[in-house]
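Q: Structure incoming, see below.
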Amino acid sequence: MLPFALICGLACAVLLVSERRNVRAGVWLAKPVAAAAFVAAGLLAGIPETLHGRLVVLGLCLSWWGDVLLIPRERPQLFLAGITSFLLAHVAYGAAFVSLGLPVSPVLVGGALAALAALGVLRWLSPHLHDFFRHAVPVYIAVIAVMLALSVGAGSATGQPVHFIAALGFAISDVSVARDRFVAPGFVNAAWGLPLYFASQLAFASSVT
């Protein structure tokens with residue numbers, strides 16, 4: 001796990017420098033490598049052994065595709081495809097949590113808190129959403145809220161906080177993407193969102209076993 005975390009961290013650093021200096025070749029090189037590192041970490045953790053592991057690795061692979069599809073700028077079709085891939089990654093992670101066998105009460109508590117957070121984010125984004133995204137973004141936010149609720153149950157079922165930590169980090173990193181796309185584009189979104197995102201994916205990879 002550690003070698004892949006180091007590769008991911010180094011590639012993320014190169015990615016941030018490339019984004020800051022607008023070196024697109026650096027972005028095309030560093031982003032797929034950083035994402036491939038967390039996929040490799042999951043693949044080498046023994047995924048055939050459990051349904052949970054296989055679903056987590058599916059989520060990691062879908063996230064890799066989302067990363068690659070979001071690299072091109074000013075390509076609405078690819079942006080939509082990338083966001084769809086990330087949406088399916090959230091679904092895969094949620095299914096992975098369910099496969100662990102979840103107690104009801106923690107999921108309900110987590111769901112209530114996640115719903116409050118989701119409503120706050122939606123209220124913030126709503127004035128900036130138009131056309132297709134006025135309908136798509138609420139669905140995306142709802143899926144994330146469900147995944148967060150299930151992650152609370154997974155943490156309770158296993159006694160391991162990594163499930164909730166990974167899910168929460170992934171969800172918060174999505175806020176940086178939404179802010180950059182709909183509210184206030186700028187490097188500051190990548191500066192905090194990308195490190196959090198890659199750390200969260202590594203946390204998911206570590207949960208495979």
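Q: Within segment 170-184, is even one residue touching a Phe, Trp or Tyr at 6+ places or on another chain (Cβ under 6 Å) and in a helix (DSSP H, G or I)?
A: Looking through segment 170-184, at least one residue is touching a Phe, Trp or Tyr at 6+ places or on another chain (Cβ under 6 Å) and in a helix (DSSP H, G or I).
Rundown of residues vs (1) surrounded by 21 or more Cβ atoms within 10 Å (Cβ to Cβ); (2) of a type outside the set (Phe, Trp, Tyr), yes/no style:
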site: SER151; (1), (2): yes, yes
site: PRO161; (1), (2): no, yes
site: PHE164; (1), (2): yes, no
site: ALA178; (1), (2): yes, yes
site: ARG181; (1), (2): no, yes
site: TRP192; (1), (2): no, no
site: ALA199; (1), (2): no, yes
site: ALA205; (1), (2): yes, yes
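Q: Please verify whether LEU100 is within 17 Å of GLY155 (Cα to Cα), part of a loop (DSSP other than H, G, I, E, B) and either out of contact with any His (no Cβ under 9 Å at 6 or more places or on another chain) or not polar (S, T, N, Q) (or both), treating the condition exactly as stated.
A: Values: within 17 Å of GLY155 (Cα to Cα): yes; part of a loop (DSSP other than H, G, I, E, B): yes; either out of contact with any His (no Cβ under 9 Å at 6 or more places or on another chain) or not polar (S, T, N, Q) (or both): yes.
Yes.
Q: Scan segment 127-136 for residues that are surrounded by fewer than 16 Cβ atoms within 10 Å (Cβ to Cβ) and either touching a strand residue (DSSP E or B) at 6+ places or on another chain (Cβ under 7 Å) or in a helix (DSSP H, G or I) (or both) and report the count.
A: Within segment 127-136, residues that are surrounded by fewer than 16 Cβ atoms within 10 Å (Cβ to Cβ) and either touching a strand residue (DSSP E or B) at 6+ places or on another chain (Cβ under 7 Å) or in a helix (DSSP H, G or I) (or both) number 5.
Q: Any idea how many residues of segment 97-147 are without any contact (Cβ under 8 Å) to a residue 60 or more places away in the chain and either under 16 Å from THR84 (Cβ atoms) or under 17 Å from the mean Cα position of the chain (by Cα) (or both)?
A: 19
Q: Would you confirm, using the coordinates I've provided, whether GLY101 is at positive phi and surrounded by fewer than 21 Cβ atoms within 10 Å (Cβ to Cβ)?
A: yes
Q: For TRP124, only one of the following conditions fails: (1) of a type outside the set (Gly, Ala, Ser); (2) exposed (fewer than 14 other Cβ atoms within 10 Å of the Cβ); (3) at pLDDT 95 or above. What is its number?
A: Only one criterion is unmet by TRP124, namely (2).
The values are calculated or read from the model by the stated rules, or taken from the named source; none is laboratory data. For clarity, every value in this text was computed on a predicted model and none was experimentally measured. All Cβ positions, glycine included, derive from the backbone under ideal geometry; neighbour counts span all protein chains shown.
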